[in-house]
Amino acid sequence: MGAGKPSTDPDYVYTPEEEKRLAENLRGITDRVYRSEFRTTPLTIDLLCNFHGQLFNNVRAHAGRHRSVDFGSETLTYGPHRSVHRSQVKAKLEQAFSELRRGVASLEANPDDIDYEPSALRIGAWIHAQLIRIHPFQDGNGRTCRLFMNCVLLRAGLLPIRLEVPKQEYLVCLNHYYVTGDIRPLEDLCLRLYAVELGLE
């Protein structure tokens with residue numbers, strides 16, 4: 001969802017060495033997330049920034065720092081959409097994380113619910129979409145937000161899913177949500193991908 005970023009902006013132009021370091025950093029943090037190292041870590045803005053910081057470690061000075069009143073681009077373009085203004089990032093993140101914690105608390109209070117897995121996937125899809133809508137970071141929003149979504153799923157005892165695999169359908173589902181407010185296509189995609197992880201498809 002990075003279309004619209006200026007191709008000559010140094011925030012988005014990487015040397016081959018930086019690309020290699022980003023790939024290595026992503027592998028490292030993905031391995032840690034998939035090993036459930038963060039399963040008991042509180043789901044906070046700090047954890048999200050921690051993931052971003054590890055991803056951009058020794059690559060960019062903005063590693064781990066979200067846009068704010070006095071830092072970062074005023075808005076960012078992704079696909080046909082525009083992020084929230086940098087002055088709203090903190091408040092929007094706090095609102096999203098407050099709702100996330102309520103959803104996770106309700107989920108954890110009902111571990112035997114017949115709809116436990118769909119509910120967990122719904123929460124994961126929702127927080128992912130909300131974070132992408134906010135676009136808190138100068139770059140790396142998609143990678144960071146997918147990592148965070150899988151952290152939420154693993155905390156719920158589910159397997160991680162690979163949203164980047166059916167990339168075009170994933171983007172269509174996100175765009176549909178941002179235009180219509182209907183998140184069901186993204187939820188359905190997550191359910192299908194989870195079935196693949198379970199070997200059911």
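Every read-out reported here was derived from the displayed coordinates using simple, explicitly stated rules and does not represent laboratory data. In this text the structure is predicted, and so the values were computed from the model without any measurement. Please note: Cβ atoms are built from the backbone with ideal geometry, for glycine as well, and neighbour counts cover all protein chains shown.
A Cβ distance below 7 Å, combined with a sequence gap of six or more or placement on separate chains, defines the contacts here; from the range 184-200, residues that are in contact (Cβ under 8 Å) with a residue 12 or more places away in the chain reach residues that are buried (at least 20 other Cβ atoms within 10 Å of the Cβ) and of a type in the set (Phe, Trp, Tyr) in the pairs 186/177; 189/170. For the range 82-123, filtering for residues that are β-branched (Val, Ile, Thr) and touching a residue at least 40 places away in the same chain (Cβ under 8 Å) leaves 3.
So which residues in the range 31-53 are crowded, with 17+ Cβ neighbours inside 10 Å and of a type in the set (A, V, I, L, M, F, W, C)? Passing the criteria: 33, 38, 43, 48, 49, 51.
For the range 95-119, give me each residue that is part of a helix (DSSP H, G or I) and loosely packed, with under 12 Cβ neighbours inside 10 Å.
Listed by number, the residues that qualify are 98, 102, 105.
Among the residues of the range 172-183, the ones that are more than 18 Å from residue 127 (Cβ to Cβ) and not polar (S, T, N, Q) come to 2 in all. Restricting attention to the range 22-49, the residues that are in a helix (DSSP H, G or I), farther than 18 Å from residue 104 by Cβ and not acidic (Asp, Glu) add up to 11. Across the range 61-81, a minimum of one residue is classified as buried (at least 18 other Cβ atoms within 10 Å of the Cβ), over 22 Å from residue 123 (Cβ atoms), of a type outside the set (Asp, Glu) and free of Cβ contacts under 8 Å to residues at least 60 places away in the same chain.
Of all residues in the range 57-92, those satisfying the criterion of being part of a loop (DSSP other than H, G, I, E, B), closer than 16 Å to residue 131 by Cβ and within 17 Å of the chain's Cα centre (by Cα) are 64, 65, 66, 67, 76, 79, 83, 84.
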